[in-house]
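Undergrad: Just dropping this structure here.
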Amino acid sequence: MTFLDKGLTQVDVDIGILILNLTGELVEVSAQYLDLTGFEKEDVLGKTIDEIDNCLAKKILSNKSDIFGHYHSILTRKDGSNFPVKVCYFRQQTQESSQILLFIQECNYVELAKTSIIEKIFDHTNEAIIVTDNKGFIQTVNRSFSEVTGYTEKEVVGKTPAILNSGKQDKYFYKKFWKEIINQGAWQGEIWNKRKSGEVYPEWLNISSIRDENGQISNYICQFTDITNRKKSEEELHFHAYHDSLTSLPNRHLLFEKLKNLCLLNQEQPTYFAVLFCDLDRFKMINDSLGHDVGDELLKSVANRLETKLRDNDIIARTGGDEFIVVIEGEKSLKNLDKICLQILSLFEQSFQTKYGEFKTSISIGVSQFPADSKDVRELISFADVAMYKIKKSGGNHYSFFDVKEKSLIQQRLELESEISQAIEKDQFEVWYQPQINTETYEVYGVECLIRWNHPEQGLISPDLFIPIAEANGSIKELGYFVLKTACHQLRQWRINNVFTGVMAINVSLRQFERNDLLGQVKKTLTDEMLPAESIELEVTESLFSENNNYHTPILFALREMGIKVAIDDFGTGYSSLQRLKSLPIDNVKIDKCFVDNIEHSPEDVAIVMATILLSKTFKVDVIAEGIETQEQANKLSDLGCFNQQGYLYSRPIRADDFEIWLADFTLNNKDRKTLEVVNNS
């Protein structure tokens with residue numbers, strides 16, 4: 001029995017069979033094929049396949065390496081009519097020769113159209129596709145598979161997808177992987193595979209199981225996409241989110257994550273580490289005098305030296321400005337912290353090379369330890385910061401360990417920082433008022449408003465404690481606006497009731513000038529309260545007049561043009577100069593308390609006050625002294641020509657109701673004095 005006769009007994013009677021030699025010549029044909037086409041045997045034997053169907057010829061003869069395949073085509077009958085067919089072919093090796101078997105079955109045009117679309121999708125989709133049998137052996141792959149992996153279809157057919165295994169996933173991964181496919185019929189996720197070249201790459205893989213009419217798995221379809229570029233973008237985004245853009249060191253976010261992980265590790269086994277808060281000495285001078293570009297290059301050079309000299313398991317992060325935090329791990333290392341700090345200090349003995357030249361700088365280091373000082377990350381950093389500032393105050397270029405005795409004060413600051421936002425919402429802040437007196441007329445010509453925090457548990461909290469916290473976390477903007485609105489509303493009430501019609505002095509933080517919020521807030525408040533602009537005076541600190549803050553000057557001019565008065569608070573302690581005093585829109589200068597405290601006995605303080613009074617007259621601005629506590633100080637200032645005064649001698653800051661009572665008493669007590677002076681002057 002010939003092979004064809006054997007085949008005919010095993011296949012459906014509507015399937016035609018052709019046998020070709022390797023040149024494509026028909027050497028045998030079945031009766032079923034002749035029935036399908038209407039040809040006689042003599043008509044087809046000896047012909048080549050391209051004479052019967054050029055499409056078939058291209059599919060079969062052009063892919064000589066393919067062992068089997070399937071496709072759709074259209075054949076022509078003897079009467080000239082066309083009909084669609086499904087074709088499956090196999091290459092067979094016999095003892096005598098090699099041959100190609102074609103199994104041809106008629107189908108309808110709808111099926112052909114659907115299959116044609118599916119084949120196009122299979123061949124042209126950007127997703128790589130693998131079709132396996134129910135044992136996992138590859139039956140076919142598409143073009144994208146070869147493009148992604150580098151393997152041809154011939155190289156993988158009959159093998160399993162394990163050929164792509166990168167070794168990055170262990171046996172436990174694949175055990176769970178197959179369990180999910182069997183139980184749920186599908187799996188998807190990220191996996192690492194290996195190309196033919198040996199390159200390991202990430203892909204997003206979807207696997208689905210195909211079941212036959214009996215509900216048994218017949219095939220698996222694997223679709224995957226090379227996500228190398230996406231992973232690279234994600235990694236870049238992650239890097240930028242967790243690293244400093246200037247030095248590429250870990251930033252504050254990554255530092256906190258690493259420290260939190262170390263703290264969690266302590267739950268499993270004893271863990272020891274130290275936080276070293278490092279701050280460059282006199283960096284601001286370099287940055288301000290030579291420019292930010294020079295400062296940035298110095299910071300990069302410092303970061304590079306620190307990173308290369310520290311151990312691999314140590315952590316170094318740049319947390320902002322000229323601040324670096326180093327984390328030293330290990331109980332043994334903590335016993336040698338003095339030596340480690342000295343080694344870090346020694347790194348600054350040599351100059352730093354930058355493209356702008358050589359620069360010499362030093363560093364101040366504050367140290368806190370886990371778990372000895374605290375088990376809380378935020379506390380550890382705050383404690384190290386406190387220790388560092390001690391060194392800064394003593395001249396820098398050294399190190400200091402946190403003193404546990406100061407822990408309660410730091411903890412209070414941390415608690416207040418977390419409570420300050422809620423305190424604003426719960427109306428725990430109050431505005432108090434301190435009078436400003438003219439000692440020539442004995443009139444209360446002005447009032448300075450001051451914020452107070454009436455804590456429900458701790459009582460009144462000193463502004464010296466919570467104002468720096470509000471400045472640091474940005475809540476000072478909200479507090480400043482609250483003071484502005486409250487003070488202006490109170491002034492309106494006093495003006496309506498003819499209690500007080502003078503000037504309300506309101507302190508303004510440098511942070512309130514950011515984003516140009518202040519100008520709009522002042523305009524709105526004055527409009528809402530129907531107050532004249534000249535009825536308020538904004539007190540700003542001298543830091544606003546540093547060269548770095550020139551961009552705030554237009555706001556000051558805009559406020560001044562509205563009619564609002566501007567005063568320099570704490571004059572003589574910071575950035576003021578004759579040139580700045582001359583060029584800026586200033587109406588009032590406040591002499592700081594430090595020049596008032598010893599004015600009776602200090603010729604230097606007297607000279608400074610006299611010079612300030614002379615300057616104020618020269619530039620036609622008013623002057624007021626604050627912090628007056630004794631009558632002797634008040635008399636001395638009046639003798640020098642400073643008649644506007646403020647301080648505890650006259651009144652502490654008090655609530656609005658108490659101020660009204662105080663003002664009535666002050667006015668009554670000084671009524672006779674003013675009358676007497678009028679009589680004497682006449």
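Undergrad: Any residue at all in the stretch 152-175 that is farther than 20 Å from Ser209 by Cβ, in contact with a Leu (Cβ under 9 Å, 6 or more places away or on another chain) and in a helix (DSSP H, G or I)?
TA: No, because not a single residue in the stretch 152-175 is farther than 20 Å from Ser209 by Cβ, in contact with a Leu (Cβ under 9 Å, 6 or more places away or on another chain) and in a helix (DSSP H, G or I).
Undergrad: Within the stretch 357-473, considering only strands (runs of 3 or more DSSP E) that don't extend past its boundaries, which have at least 1 residues that are β-branched (Val, Ile, Thr) and modelled with pLDDT of 95 or more? Quick ask: steps written out before the conclusion?
TA: Working: elements: 357-359, 363-370, 399-401, 429-438, 443-455, 459-461.
Passing ranges, in order: 363-370, 429-438, 443-455.
Undergrad: I would also like to ask the following. Please work out which residue is farthest from the chain's Cα centre (by Cα), limiting yourself to the stretch 642-661 and to residues that are surrounded by fewer than 18 Cβ atoms within 10 Å (Cβ to Cβ) and in a helix (DSSP H, G or I).
TA: This residue is Ile661.
Undergrad: Looking only at the stretch 177-188, filter to residues that are free of Cβ contacts under 8 Å to residues at least 12 places away in the same chain and surrounded by 12 or more Cβ atoms within 10 Å (Cβ to Cβ); which one of those is nearest to the chain's Cα centre (by Cα)?
TA: Among those that are free of Cβ contacts under 8 Å to residues at least 12 places away in the same chain and surrounded by 12 or more Cβ atoms within 10 Å (Cβ to Cβ), it is Phe177.
Undergrad: May I ask you to say which residue of Ile118, Ile60 is under 60 Å from the mean Cα position of the chain (by Cα) and modelled with pLDDT under 70?
TA: Selected residue: Ile118, the only one of Ile118, Ile60 that is under 60 Å from the mean Cα position of the chain (by Cα) and modelled with pLDDT under 70.
Undergrad: Would you pick out the residues in the stretch 548-581 that are over 17 Å from Gly520 (Cα atoms), modelled with pLDDT of 85 or more and charged (D, E, K, R)?
TA: none
Undergrad: Oh, and also: Looking at the structure I just gave you, is Tyr151 among the aromatic types (Phe, Trp, Tyr), assigned by TED's automatic domain parsing to the domain that holds Asn134 and touching a residue at least 40 places away in the same chain (Cβ under 8 Å)? Spell out how you get there, then give the answer.
TA: Values: among the aromatic types (Phe, Trp, Tyr): yes; assigned by TED's automatic domain parsing to the domain that holds Asn134: yes; touching a residue at least 40 places away in the same chain (Cβ under 8 Å): yes.
Spelling it out, Tyr151 is indeed among the aromatic types (Phe, Trp, Tyr), assigned by TED's automatic domain parsing to the domain that holds Asn134 and touching a residue at least 40 places away in the same chain (Cβ under 8 Å).
Undergrad: Looking at the stretch 333-356, which of the residues that are over 32 Å from the mean Cα position of the chain (by Cα) and part of a loop (DSSP other than H, G, I, E, B) is surrounded by the fewest Cβ atoms within 10 Å (Cβ to Cβ)?
TA: Checking each candidate, the answer is Glu349.
Undergrad: Which one of Lys231, Lys258 is without any contact (Cβ under 8 Å) to a residue 60 or more places away in the chain, part of a helix (DSSP H, G or I) and basic (Lys, Arg)?
TA: Lys231
Undergrad: Scan the stretch 490-518 for residues that are surrounded by fewer than 16 Cβ atoms within 10 Å (Cβ to Cβ) and either in a helix (DSSP H, G or I) or among the β-branched types (Val, Ile, Thr) (or both) and jot them down. Steps first, please.
TA: Filtering the stretch 490-518 for residues surrounded by fewer than 16 Cβ atoms within 10 Å (Cβ to Cβ) gives 493, 496-499, 501, 510, 514-517.
Once the filter is applied, which keeps residues that are surrounded by fewer than 16 Cβ atoms within 10 Å (Cβ to Cβ) and either in a helix (DSSP H, G or I) or among the β-branched types (Val, Ile, Thr) (or both), the stretch 490-518 yields Gln493, Ile496, Val499, Thr501, Leu510, Glu514, Arg515, Asn516, Asp517.
Undergrad: If you don't mind, another one. For residues that are exposed (fewer than 14 other Cβ atoms within 10 Å of the Cβ) and modelled with pLDDT of 80 or more, scanning just the stretch 77-105, find the one that is farthest from Gln139 (Cα to Cα).
TA: Restricting to residues being exposed (fewer than 14 other Cβ atoms within 10 Å of the Cβ) and modelled with pLDDT of 80 or more, the top hit is Asp79.
Undergrad: Still on this structure, please answer the following. Can you give me the number of residues within the stretch 452-497 that are of a type in the set (A, V, I, L, M, F, W, C) and within 21 Å of Lys523 (Cα to Cα)?
TA: Here is the first cut: in the stretch 452-497, the residues of a type in the set (A, V, I, L, M, F, W, C) are 453, 460-461, 465-467, 469-470, 472, 476, 479, 482-484, 487-488, 491, 494, 496.
Retained after the next criterion (residues that are within 21 Å of Lys523 (Cα to Cα)): 476, 479, 482-484, 487-488, 491, 494, 496.
The qualifying residues number 10.
Undergrad: Here are Ser418, Ser400: which of them is within 30 Å of the chain's Cα centre (by Cα) and more than 19 Å from Leu255 (Cβ to Cβ)?
TA: The unique qualifying residue is Ser418.
Undergrad: If I go through the stretch 182-204 residue by residue, how many of them are of a type in the set (Ser, Thr, Tyr) and under 17 Å from Asn229 (Cβ atoms)?
TA: Qualifying residue count, the stretch 182-204: 1.
Undergrad: Find all pairs meeting these conditions: Cβ atoms under 7 angstrom apart; at least six residues apart or on different chains; first residue within the stretch 479-503 and farther than 22 Å from Gln428 by Cβ; second residue in a loop (DSSP other than H, G, I, E, B).
TA: Leu491/Leu531; Arg492/Met530; Arg492/Leu531; Trp494/Phe500; Arg495/Thr501
Undergrad: Now, a different point. Taking the stretch 303-332, which residues are closer than 21 Å to Asp385 by Cβ, assigned to a helix (DSSP H, G or I) and touching a helix residue (DSSP H, G or I) at 6+ places or on another chain (Cβ under 9 Å)?
TA: Initial filter on the stretch 303-332 (closer than 21 Å to Asp385 by Cβ): 303, 306, 310, 314-329.
Still in the list and also assigned to a helix (DSSP H, G or I): 303, 306.
The one that is closer than 21 Å to Asp385 by Cβ, assigned to a helix (DSSP H, G or I) and touching a helix residue (DSSP H, G or I) at 6+ places or on another chain (Cβ under 9 Å): Leu306.
Per-residue answers, yes or no, for (1) buried (at least 20 other Cβ atoms within 10 Å of the Cβ); (2) in contact (Cβ under 8 Å) with a residue 40 or more places away in the chain:
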position: Gly396; (1), (2): no, yes
position: Lys405; (1), (2): no, no
position: Leu409; (1), (2): no, no
position: Gln412; (1), (2): no, yes
position: Tyr433; (1), (2): yes, yes
position: Ile437; (1), (2): yes, yes
position: Glu440; (1), (2): no, yes
position: Glu448; (1), (2): yes, yes
position: Glu471; (1), (2): no, yes
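Undergrad: Regarding Lys360, is this residue assigned by TED's automatic domain parsing to the domain that holds Leu298 and either among the basic types (Lys, Arg) or on the phi < 0 side of the Ramachandran plot (or both)? Before the answer, list the steps.
TA: Details: assigned by TED's automatic domain parsing to the domain that holds Leu298: yes; either among the basic types (Lys, Arg) or on the phi < 0 side of the Ramachandran plot (or both): yes.
So Lys360 fits the description; yes.
Undergrad: Take the stretch 196-241 and flag every residue that is closer than 19 Å to Ile130 by Cα and acidic (Asp, Glu).
TA: Those that are closer than 19 Å to Ile130 by Cα and acidic (Asp, Glu): Glu203, Asp212, Asp226.
Undergrad: Identify all residues within the stretch 357-375 that are in contact (Cβ under 8 Å) with a residue 60 or more places away in the chain and surrounded by 13 or more Cβ atoms within 10 Å (Cβ to Cβ); write none if there are none.
TA: Residues satisfying the conditions are Phe359, Thr361, Ser362, Ile363, Ser364, Ile365, Gly366, Val367, Ser368, Gln369, Phe370, Pro371.
Undergrad: Quick check, is Leu484 assigned by TED's automatic domain parsing to the domain that holds Gln434, buried (at least 21 other Cβ atoms within 10 Å of the Cβ) and either within 41 Å of the chain's Cα centre (by Cα) or more than 18 Å from Glu448 (Cα to Cα) (or both)?
TA: Against the criterion (assigned by TED's automatic domain parsing to the domain that holds Gln434, buried (at least 21 other Cβ atoms within 10 Å of the Cβ) and either within 41 Å of the chain's Cα centre (by Cα) or more than 18 Å from Glu448 (Cα to Cα) (or both)), Leu484 qualifies.
Undergrad: If you don't mind, there's one more thing I want to ask. When you go through Ala505, Ala472 one by one, which is the residue that is more than 35 Å from the chain's Cα centre (by Cα) and small (Gly, Ala, Ser)?
TA: From the options Ala505, Ala472, the qualifying one is Ala505.
Undergrad: Which of the residues that make up the stretch 237-276 are in contact with a Pro (Cβ under 8 Å, 6 or more places away or on another chain), of a type in the set (D, E, K, R) and closer than 17 Å to Asp373 by Cβ?
TA: None - no residue of the stretch 237-276 is in contact with a Pro (Cβ under 8 Å, 6 or more places away or on another chain), of a type in the set (D, E, K, R) and closer than 17 Å to Asp373 by Cβ, so the list stays empty.
Undergrad: Which members of the stretch 189-217 meet the condition of being assigned to a loop (DSSP other than H, G, I, E, B) and free of Cβ contacts under 8 Å to residues at least 12 places away in the same chain?
TA: Gly198, Glu199, Asp212, Glu213, Asn214, Gly215
Undergrad: Return the pairs, sorted by first residue and then second, in which the second residue is part of a helix (DSSP H, G or I) and loosely packed, with under 12 Cβ neighbours inside 10 Å, the first residue lies in the stretch 154-172 and is outside the structural domain of Asn193 (by TED's automatic domain parsing), the beta carbons are less than 9 Å apart, and the residues are 6+ apart or on different chains.
TA: Qualifying pairs under 9 Å: none.
The values are calculated or read from the model by the stated rules, or taken from the named source; none is laboratory data. Every value quoted in this text rests on a predicted model; they were computed, and no experiment measured them. Glycine also receives a Cβ, built like all others from the backbone with ideal geometry; neighbour counts cover every protein chain displayed.
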